[in-house]
Protein chains: 2
Amino acid sequence: MGTGLTVRWALSHDILIGSRSRERAGEMAERLRRLAVGFYQNQMRGSITGLENADAMKAAEVVVVCFPPEATIEAVTGLRGHLREGQIVVSTVVPMRRRDKLFYFKSLGAGEGERSAAEAIQELVKPIPVVSAFQTVPAAYLNNIDAVLNLDVLLAGNDEVALSIVSRLVRDIANLRPLKVGPLVNSKFVEAITPLLLNAAILNGLHDPSIRIVPWMPTP
Amino acid sequence: MGTGLTVRWALSHDILIGSRSRERAGEMAERLRRLAVGFYQNQMRGSITGLENADAMKAAEVVVVCFPPEATIEAVTGLRGHLREGQIVVSTVVPMRRRDKLFYFKSLGAGEGERSAAEAIQELVKPIPVVSAFQTVPAAYLNNIDAVLNLDVLLAGNDEVALSIVSRLVRDIANLRPLKVGPLVNSKFVEAITPLLLNAAILNGLHDPSIRIVPWMPTP
């Protein structure tokens, strides 16, 4: 997910890739930079830089959390001290597990009921606002720089300013449509669409399905 | 929801409308029958009949439960004694409430955590299998006999035979696509898409939104 967002946003934004290893971040940044430059040519106005996680978080205006679900709580707990007021955190995390060939929503951490990943992150980083987004956009779409993304991105969050900024970032990826669906408490149900989509793919022979909200079309 | 399904299915199926009042059921059946005959003309192979709830449930092969959420538990509890082995129950119920202008998933009954309506009904009618379906199809689409329904119907259920039969019933409505998303425990997340869609409509100026699963399109 992170690599796809990086290449898409680098057309117009300065992207900082965070990693535990600065060297690995630098290598990934260089690989994605070449891909982006090759595709956007001299229309590319952004940049891609690799940093250690802490340095990336300090410098960023918007911090996109796309850790694997099982690593998210520990990673955010270790890094949250580097956040500062005025930043926005975006959670793309989908907490799920696989059982008997199908996928199910599964909260991060133990004994926490069915809390969303975005709420778990919000608890850790408050008062920095968290916006939940991008869960239903398949990484394979985003990573394929040629792919046209006629998709909807559902946004949940409690902070209107943060929601507006993330909506704008969604619009900065051609053809993606941001759709607000209410406060962060709804993030669970957005996150839970992803295991449904994966099950729909497995059980009905689809490939990398995503969703599109279909508006009412008045008919004759 | 029930009226739309009745008119759509009456093209090829015999529909029994159940109501507490046989007279009211009969009036509704007559109204919908006229609509269906006017639209399908002599291609209509099904029928529409109004009965008391108990008589409708006894005679039906597939029982579609589309009570308002707040009435569902009491109504199904009162009627379940009329079900018999070999029948299938379809739940279209969306348990939700409105608060501060937006919609939220809200379990049926009190103190039951966040159980889906379909699981609550399954508990009441076991061992008759329950299939969860149609929650994301706006009633306004279904009710408009002219509307072309290029939509997906997500199906959750534990009984493969019942799922196959309901899939076929979905296909019997032109252009609807049935997509299985796993066992009944996933119904909660299907049901919870409806309040997300309504919120998306309210917050983003859409009208009667529904969803379409978009398959992966390999690009150049």
Filter the DSSP H helices in chain A by two things, a Kyte-Doolittle mean of at least 1.0 and an axial alpha-carbon span of 15 angstrom or more, and list the hits by number. A:160-171, A:193-204
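Which GluC sites (Glu not before Pro) does the range B:44-81 hold that lie in a coil by DSSP with at most 13 other beta carbons within 10 Å?
The qualifying sites are B:E61.
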Within 10 Å of each Cβ in B:43-53, the average number of Cβ atoms from other chains: 0
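Which value in deg cm²/dmol, rounded to the nearest 500, describes the helix-derived mean residue ellipticity at 222 nm for the protein assembly as shown, given -39,500 (n - 2.57) per DSSP H run of n ≥ 4 and division by the residue count?
On the way: 18 runs with 176 residues, N = 440.
Value at 222 nm, helices only: -11500 deg cm²/dmol.
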Using all C-alpha to C-alpha distances in the protein assembly as shown, build P(r) with 10 Å bins and read off the rounded percent in each one. 4, 20, 29, 23, 13, 7, 3, 0
Could you please state how large a percent of the accessible area of chain A is carbon and sulfur, counting protein chains only and using a 1.4 Å probe? 52 percent
Only loop residues by DSSP count here, and only those with at most 10 other Cβ atoms within 10 Å; note down the trypsin sites (Lys or Arg not before Pro) in the range B:78-171 that meet that. B:R84, B:K101
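Give the B-A buried accessible area in Å², both sides summed, 1.4 Å probe, nearest 100.
Roughly 3600 Å².
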Gap separating the Cα centres of the range A:157-210 and the range B:82-161, nearest whole Å: 22 Å
Count the lysine pairs in chain B that are 8 or more places apart or on different chains: how many have C-alpha atoms under 20 angstrom apart? 4
Once a ≥ b ≥ c are taken as the square roots of the eigenvalues of the Cα gyration tensor of the range A:48-192, is the result rounded (a/c under 1.5), prolate (a/b larger than b/c) or oblate (a/b not larger than b/c)? rounded
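Would you mind calculating the relative contact order of chain A from Cα pairs under 8 angstrom and at least 6 residues apart, reporting the percent as a whole number?
Here the relative contact order equals 18 percent.
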Which of the trypsin sites (Lys or Arg not before Pro) found in the range B:2-67 are loop residues per DSSP with 14 or fewer other Cβ atoms within 10 Å of their Cβ? B:R20, B:R45
Nearest-0.05 FRET efficiency for A:S164 and B:V62, computed from C-beta distance (R0 60 Å): 0.80
Lys/Arg +1, Asp/Glu -1 at C-beta; the protein assembly as shown dipole; positive extreme among A:V185, B:V94, B:A36: B:A36
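If you roll a 1.4 Å probe over the heavy atoms of the protein chains, what accessible area per residue do you get for the protein assembly as shown, in Å²? Show your work: numbers first, answer last.
Numbers: 20200 Å² over 440 residues.
Here the residues of the protein assembly as shown average 46 Å² of exposed surface.
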If I stretch the segment between B:V37 and B:L203 completely, what's the gain in nm (0.36 nm per residue apart, minus their alpha carbon distance), one decimal? 55.9 nm
For labels at B:M44 and A:M44 in the simple 7 Å Cα→Cβ model, what's the distance in nm? 6.4 nm
Taking a ≥ b ≥ c as the square roots of the Cα gyration tensor eigenvalues, with a/c under 1.5 meaning rounded and otherwise prolate when a/b beats b/c or oblate if not, the range B:135-220 comes out rounded
Say R0 is 41 Å: what FRET efficiency, to the nearest 0.05, do B:A139 and A:V148 get from their beta-carbon distance? 0.80
If R0 = 22 Å, then A:K126 and B:E114, at their Cβ-Cβ distance, give a FRET efficiency to the nearest 0.05 of 0.40
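Determine the shielding of peptide B:138-150 by partner chains: average, over its residues, the number of Cβ atoms on other chains within 10 angstrom of each Cβ.
2
The values are calculated or read from the model by the stated rules, or taken from the named source; none is laboratory data. Values in this document were obtained by computation on a predicted structure and should not be read as measured data. Neighbour counts run over all protein chains shown; Cβ positions are idealised from the backbone, glycine included. Just the protein is used for accessible areas: all its heavy atoms, side chains included, with ligands, DNA and RNA removed. Shrake-Rupley method; radii C 1.70, N 1.55, O 1.52, S 1.80 Å.
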